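Scroll down for the structure; my scribbles are underneath it.
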């Protein structure tokens, strides 16, 4: 079955880039369908801020027999990103590690948070998005959520033509800023109905459902009841949920998301970075901080003590604290990779064990790899097609009517400031 899936399931860009590969890199659609088939399950979408994270996550997925997504956000791996792993080398790294380690579970490679904040971003995207798929991306999140609702919808409509029909596609409503400006069913329906009218059928929708990105535990965390309510309203359009900002939420809360909502994709970023370095994290995935706001490292875990001291000194020099430690990724990637093999191995093992626990004990993703393969074989193709069909009247969703409808949406003012792009 694996050999047949390898023959049928690899997307055209992956086949072109890696003609002799044995890595089953697939569309994000395949991953979503597998989790839906298992029911009450979601899988990890792991932000690969460094190469070691890729290795650890893939090992965990193989051990759990789970299909997964590996991703990088525009802020992390775009042209101005703070990581050496980028939109343009992520697929190459994933493919290489999968072949090296003999990974046989299906994996999607996702461009997370492809942010659109202005008309200029929209123009750049028309050439940049095709370049991402040329580089092996098999799934993308168009995130224009910081724009007004009408502009968000219109940006998604404009950019949809640059996304291959076979690719996984995520959209977002309600910019993620914790408990401020929570998404509403009306906003989500506005976005999904407008897309549906234009024959655009997202696989996932991300919401502001009470989470923040990063390592700070604030407020109540994910609002499961709100998430379930919005997902229920969207059921006629057959769009799954993508849960962002899992750091800062307990395992029990994440279990509830899997069990009580239609979420199939859960982004995990900061925790994986910190664990790879050997930083102590609690069950919320938050780093333990010292009195000065700096992460606390566990002796004998992660990077060498000497390298950690270099990283801390760099952070002090550049006034980096807490969540801003993420900016150490780019300057220290090669220093991490030149460490002795046993150090690199313990870094990957820390990530592996954490992700395995998430996949098996929290997300209910164990043994979803065969389900993904079944979906490929059933379709006889890498292209599973849309889950939904058009039920909205296009004449009701012209640009003029989109702008009129947007004026009727009640909006809660958002005032929170911060870096929410990962």
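What follows draws every value from the coordinates through simple rules; no lab data is involved. Given the structure is predicted, the values throughout are model-derived calculations rather than measurements. We place every Cβ from the backbone using ideal geometry, glycine too, and count neighbours over all the protein chains shown.
Ranked by the mean number of other Cβ atoms within 10 Å of their residues, highest first, the peptides 238-244, 167-173, 379-385 come out as 167-173, 238-244, 379-385. Computed with the Debye formula from one identical point scatterer per Cα of the range 24-153, without solvent, the log10 of I(q)/I(0) at q = 0.10, 0.18, 0.22 Å⁻¹ comes to -0.33, -0.96, -1.27. Taken over the range 276-368, the percentage of Cα pairs per 10 Å bin, counting from 0 up to the bin with the maximum distance, is 15, 45, 30, 10, 1. What the Cα convex hull of the chain gives, in volume per residue, is 126 Å³.
Please state, rounded to one decimal and in Å, the Kirkwood hydrodynamic radius that the range 241-328 gives when every pair of distinct Cα atoms enters the mean of 1/r.
14.1
Normalised by 2.2 N^0.38 Å, where N is the number of residues, the alpha-carbon radius of gyration of the range 42-101 equals 1.09.
The alpha carbons of the range 113-163 occupy a box of 31, 18, 16 Å along the principal axes, longest dimension given first.
Antiparallel beta bridges, as assigned by DSSP with both residues in the chain, represent about 10 percent of the total such bridges. Let me know the shape class of the range 318-357, please: from the alpha-carbon gyration tensor, a ≥ b ≥ c as square roots of the eigenvalues, rounded when a/c is under 1.5, otherwise prolate if a/b is greater than b/c, or oblate. Judged from the Cα gyration tensor, the range 318-357 comes out oblate (a/c at least 1.5, b/c at or above a/b).
Diffusion coefficient (Stokes-Einstein, Kirkwood radius over C-alpha pairs, 37 °C, 0.692 mPa s) for the range 1-63: 245 µm²/s, rounded to a whole number.
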